[in-house]
1. Leaving ligands, DNA and RNA out of it, rank Phe685, Phe90 by accessible area with a 1.4 Å probe, largest first.
2. What nm distance separates the two modelled labels at Arg615 and Thr486, each placed 7 Å from Cα along Cα→Cβ?
3. Name the shape class, rounded, prolate or oblate, that the alpha-carbon gyration tensor gives for the range 640-856, where a ≥ b ≥ c are the square roots of its eigenvalues, rounded holds for a/c under 1.5, and otherwise prolate holds if a/b is larger than b/c and oblate otherwise.
4. Can you tell me the length gained on complete extension of the stretch Ser241 to Lys179, counting 0.36 nm per residue apart and subtracting the Cα distance?
5. Compute the FRET efficiency between Thr62 and Gln158 as 1/(1 + (r/R0)^6), taking r as their Cβ-Cβ distance and R0 = 30 Å, and round to the nearest 0.05.
6. Given the convex hull over the Cα atoms of the range 31-108, what projected area results after averaging over all orientations, in nm²?
7. Under 5 Å between amide H atoms, partner at least 5 residues away or on a different chain: which partners does Leu722 have, H built in plane at 1.01 Å?
8. Past 18 Å, Cα to Cα: identify those pairs from Lys64/Lys95; Lys749/Lys770; Lys47/Lys612; Lys179/Lys363, in the order given.
Amino acid sequence: MTTALPLTSSAAPPVSPDSSLQAINGATDDIPTLTFYHHPLSPFARKVWMTAIEHDLTKYITPKKIVVAPVVTPKAFPGWSEHNDLLGKFNPIAKIPTLVVNEGQGGEEYAVYDSKIICDFLVDFAGRLAGGNTDNSVDVRKDAMYWKKQSLHRCADQMMDSEILVAYEERMREAEGIKWDQWIVGMRKKIERGSGVLRDAARGGLLPARRSADSGLPRTLGGEEIAVACCLWFLDVRGISWQKDGEDEPLQDWKDEQADQEEAQQSPILSAETSELKRDSWMEAPPSADIQYVQKKRAESPPKAATLGMSLDLKIHEKELNHHLKDLKNDQVQEELEALPSNHEVNYTIGDAGSHWRMTTLKAVYRKAEETGQKIEDVALERYTSLREFDDAREEEIELDRRKTYGKDYVGKEKPSGELYQERKLDAGVHRHKEEDLDDEFDNVLDNVKAPAPVAAPTPKLDSTALNKLKAQLMKARLKKDPNLTQLEAEYNAALAASTTTDPTIIQLSAMDNRMLSSAPRNEVKPVTNRRGLERGTVVDNEDMTIDDMVREERRTANSANAGRNMAERIAKDGKFTNDLDYMDENANKLAQRVQKSSSTIRNIAINDYQKLNRVLESCALCYHEDHPTDPSPIAPVVSLATLTYLTLPTEPSLSPYAALIVPVQHRTNLLECDDDEWTEIRNFQKSLTRMYHDQGRAVIFYENAARPNRHPHAAMVAVPLPYELGSTAPAFFQEAFLSTEGEWSQHKKIIDTLAKSKSGGFGKTAFRKSIAKEMPYFHVWFEIDGGLGHVVEDEGRWPRGDLFAREIIGAGMLGLGVEVWKKQGRWEKGANSREKVEGFRKRWRKFDWTRVLVEGGA
Ligand SMILES: [Zn+2]
C-alpha cells in the first residue's frame, strides 16, 4: 500500500483532506473530485469501497447513500426507488455503485459505472497518484492468469447480481402476486454453479494466501479477490450456502483469512447496523423456509402427466419400485407384509383436500430415495407407518394421473383398493390365508362397486370460485349425510380434474409443499457473544447440553447412509485415490472429515436460528420499537390500545371487511404464552368485536396461527367476520381441513375440541389454554369466545406457508373468494393501511370499544 503520495492538490480533496499531501506538493488541479453513489447493503458498492480502502483512496471520495430499485412502486415500497431519477442522470441503468468523476477546473464530469469498471478505475487512479508506479496487485500482463482472474471477478459479480434479483422476486414481486418461483430457481442455479467455480479457484491457486510467503506481509488484494470476498459475504447475509466440504475447504480457509473485512465492517459506509437501515432488513433476512422450498422444489422430477400416453397400465410407477422389490430381505418388512391385509378402509378419498399433502410426501420419498440412493422402501418407512400406507399413496398418485389424463369422462376409484400392496406381497412371496383371501376378495368387490358416476354432460371448466363453491356444497352435503353425496362428489372431482387439466394457473394448495425445515431448538452449540463472534457467527460446543440435546444431535448426525455418501464424494474428488487398504489407512483423517462437516453445518444452522430471532425482533411489524427516535409505534396501525394488548387491522387483501387482529404488546410467540391479565384483555376485545359484527348482522370466528414457533412470529388472534349463514358451517370446514392435513401418520389427535371442553368438560373459559401445550406448534380457531377447534401441527414444514391455511379455508372454502385474494398475503408497511380504512374502522368500533373504560374511567 502506498504510504506517501507524490501528487497532491491545492484544491482540497473532498473528504478529510490529508494535510501531509499538500505539504509535499503544491501543484494540483489534476486530482478529480469523486462522488460515489452507493448503498451499504449493495455488495457491488462494498466491492468498490473495499478497493478504495485497499488502495488508500477513501479520502478522495465523497460517498452518497441512495436508494434505487428496478421497479418504481412508491405505493408498496415507499422510498425504495426515490433516487432512480437522480442516479439515472449519471448512469442510465440507474444501478449502484456509480462513480461520478469531476476533473474540475474546466475539465469534464463523467460517470464511471459497473463496479468492475470502477474498481479498474480506482486501481488506475491509485497508480496515477503514485506517479505511475502503483503497487496494485492487478496483474497487467494479459496472460491466461489475467483472464482467469477477470472471469473470476465477473463470476462473483454475476452471482451477487443473481441473488439480488432473487431478493426482489421474493419480496417485491411476491407482494405484487407475481413471484415467479422458476426465476428464483434459475438464479439460484447460477449461484450454485458459481460457488463451484469459486471453490475451484481457491483450490487451484487463483485465491492465494493473504500473506505473502516471502515476506509474511499481507498482500494487496486483487480485484477478483475482493469480488469473491464480497460475494461470499453477501451469500452469508442471505443465508445461502456456498460450501460443499465444510471448514477444511480451501475457500473457507481463504475467506477466514480475510480478516481485513474487519476494517470494512467498521467503516461507516459499509456498516449495516444504523437504525435508518431498518427498512432494508429484507435484504438480510431471507425467509429461510422459502429458500429450502425453492431448492427442494427444483429437485423434483419434471412434470410427467402430459407424457403419460394413453395407456392405463402402471408401468411408470412400477419402474420406481419393482427393481427394489427383489431385494426385499428385511425381516421387519417381511413380517409387516404378512401382518397387514391389503384390503382396508382409509379415511380419505382420492383427490380430496388432503391429497396434495399426501402427494407431496410421496414425492419427497421418491426424491430422497433418488438423492441418497437408499432403497425406496427404507425411505418410505421413515415417512409412513407401513408400506401399505405408502402403496396407498402410490395408488392415489396413479389415480390422480389418470384423472388428469382422461379428464371428465373418466370413472375411477375413490379410495385405494390395496392392489399395489397386494402386488408387493405377491412379489415378496407372501401368500394370504385362503379363507381370509376369499372373504377379502368378496369385500373388495363390494367396496369397489360404485354407482357409475353421472357421465352425462361434459364437465364444464370451472373457475376457482365456482370450484370452491362446489367444494363447499359438497362439504355441507357430507355433513348432512345428503343422499346426493355420491353424485356431488363425482361432480366435484370431475370439475376439479377438468380444471386441473385445463387451467394450469389454478393449482390447489401449491404453496403448501414447503417442507423440510426441521426445527426443534438446538442446544449443542452456543454462540460466541463478543462482537467478532457475533459477526462471524462463531459458536463453541455447549458443555451444558442436556441429555435430550445430545439425543437430538445424535439423531441428526448419525445418518450412516449420508456418511457413506459423503465419503464417496470425497473419494471421487481425490484424484490419487486407489481402492486399497493402504490408501484408506493413510487417508483416514481426510476421509473422516466429512463427518465433521455435518456437525459444522448444524452449528451454522444453530447460529442462524439465534441471529434470526434478533432480526425478527428488530423488524417485527407488531412490536413497539421503544428505541425509535420519533415514532415507537408498531408498523401495523394501532386502532385501539388497551394496557397489555391492542387491536390492529390485517394486511391487505383482507378476507373480510372490518376484520381485525388482537395483538399482545409483548412479543409473544403464541397466545398461550400470554398471562391472565393479557387474556382478560384479549377476551374483552373478542367480546367487543363480536358485538360490533353482530351489530352489522354478521357472525365472527377468531383464529390463531401458531404453526411456526421457530420463526418467532408475533402472536395475534385474527377476527374474521362472516355472513351469518356461514357461522354455523365454520366448524365443519375446519374439522375437515384438520383431518386431512399432514398425512395419516400423525401421532397427535388431529382435532382438539376446546369448545366441547369448555362446555361439558368443566374447563370453561380456560379450555383453550389448558388443552394445548405452549411449546407445540398449533392452529386454533374459536367459534365462540370460550373455544373452538385446535390442531397440533406435527410437521411445520408441511404446513401451508404464512397464513395460507386459514386463508384458504375461510377465503376460498367458506367465502368463495378468488385465488388472487386469498393466496396473496400482504405485509404491514408504515402508512400502507390507508388513513381512511383505519378511520372507518374506528368510527364503527367506537361504540363497542371497551378500552374507553380505561381512559374514561368506568361506563
Ligand atoms: Zn413483535
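The values are calculated or read from the model by the stated rules, or taken from the named source; none is laboratory data. Just so we're clear, the structure is a prediction, and the values are computed from it rather than from any experiment. Every residue, glycine as well, gets a Cβ built from its backbone with ideal geometry; the counts of neighbours run over all protein chains shown. Calculation scope for accessible area: heavy atoms of the full protein, side chains included, ligands and nucleic acids excluded. Shrake-Rupley method; radii C 1.70, N 1.55, O 1.52, S 1.80 Å.
1. Result of the area sort, largest leading: Phe90, Phe685.
2. Here the modelled spin labels are 5.5 nm apart.
3. Rounded, because the longest to shortest axis ratio a/c is under 1.5.
4. Value of the extension gain: 20.1 nm.
5. For Thr62 and Gln158, the calculated efficiency is 0.55.
6. So the Cα hull casts an average projection of 5.6 nm².
7. Correct list: Ala699, Val700, Ile701.
8. Lys47/Lys612; Lys179/Lys363
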